Structures are given as C-alpha cells and as structure tokens.
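What follows is a short report on a single structure.
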Amino acid sequence: MRPLLAVSNAIDLLNEKIGNICNLLVLLACLVSAANAMIRYAFSYSSNGWLELQWYMFAVLVMFGSSYTFKRNEHVRVEIFYLMLSERGQLWLDLIGTLCFLIPSCLLLAKLSWPFFMQAYDVGEMSGNAGGLIRWPIKFVIPAGFVMLALQGVSEVIKRIAALKGYVTIDAKYERPTQ
C-alpha cells in the first residue's frame, strides 16, 4: 500500500501546484479584463487577442481547477444519501462513485476530445477573429484537464482504499454548504 500512497501523494502535489497556478490565473484574468476595458474606453483601441486570452485563462481555470477542487474535497456532490451514511459508508460511496463514474467518464471525454485537439494542431488552427490567438494550445487543455481529473480520481481511490483498510486516516468529511 505504501507505493500506492506515494503515487497518490505525487498526484496530489501535482494538482496542488496546478491549483496554485489557477489561483494566479484568476488574478491575471481580472487584470487583463480591466486593462482591456480601460484601454478600449480611454484610447478607443481593442484587441481580440486580449479578449481571447481572458477566455483561455478561464478555460484553464475550469479544466485544471476541477482536479484541484476534487483534491480539496470541495467539489459538488449529490448528497441525497451521503449525509445519512456513516464515515465508512461515505468512503465506500466515494470509492464506488469515483471508480464507476468519474474515472471512466473523464477518460472517455479525454479520448473523445483528443481528435478535436489533434485536428487543430495539424492545421495550425488560428482564431477567426482579427488579431486572435492560435487555437490548438487551448484545445489541448480539454483532454489534459480530463486526464488530470481522472488522475486525481485515482489518487482519491487509493486514499479511500487505504482508509478503509486502516492504513491511513483521511479528512474526507463533507459539510453541506450554508444556504
């Protein structure tokens, strides 16, 4: 179990670093948005490239932020039965849900989005807007984001199995958000 927990820790560390980058991207997206608006109103100048850069940063935030959010146990969950279960029952539900739904769905979506990226890469796809950016890097974010979410799912499965076997204790408590 120790080698698997080492793999889990490596995945967690990677997603933590990616999450920190995503946190910075929130600030950068706000700064680019504000600067773009000020330049547009002050100097009557606008650039599609800056607008698309905002969209690209937002796409990176969503696709890579999901694995970071999952790692921190702050993701959306359907809590119809979850809150009625014991801690051990919650671990089992997390384990089964991740193995049966999350990982297969993410891998399928990564596989289905790969040709979308490859087509853009092969033709060197550019934005249709004047001054726009190249498109293939942001299209790569789609399969990469799903792979990172699936990897975090693997990490969570390892931690849940280790917790169920008594090797580790994990803080997987879920608190219902205040309404």
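Computed quantities for the displayed model
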item: Candidates V141, V168 - the one that is surrounded by fewer than 17 Cβ atoms within 10 Å (Cβ to Cβ), hydrophobic (A, V, I, L, M, F, W, C) and touching a residue at least 40 places away in the same chain (Cβ under 8 Å); result: V168
item: Residue count for segment 134-179, restricted to those that are part of a loop (DSSP other than H, G, I, E, B), among the basic types (K, R), at pLDDT 85 or above and over 20 Å from S113 (Cα atoms); result: 1
item: Filtered residues of segment 75-101 (kept if surrounded by 12 or more Cβ atoms within 10 Å (Cβ to Cβ), assigned to a helix (DSSP H, G or I) and in contact with a Phe, Trp or Tyr (Cβ under 8 Å, 6 or more places away or on another chain)); result: Y82, Q90, L93
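The values are calculated or read from the model by the stated rules, or taken from the named source; none is laboratory data. For clarity, every value in this text was computed on a predicted model and none was experimentally measured. Because the Cβ atoms are built from the backbone with ideal geometry, glycine has one as well, and the counts that use them run over all protein chains shown.
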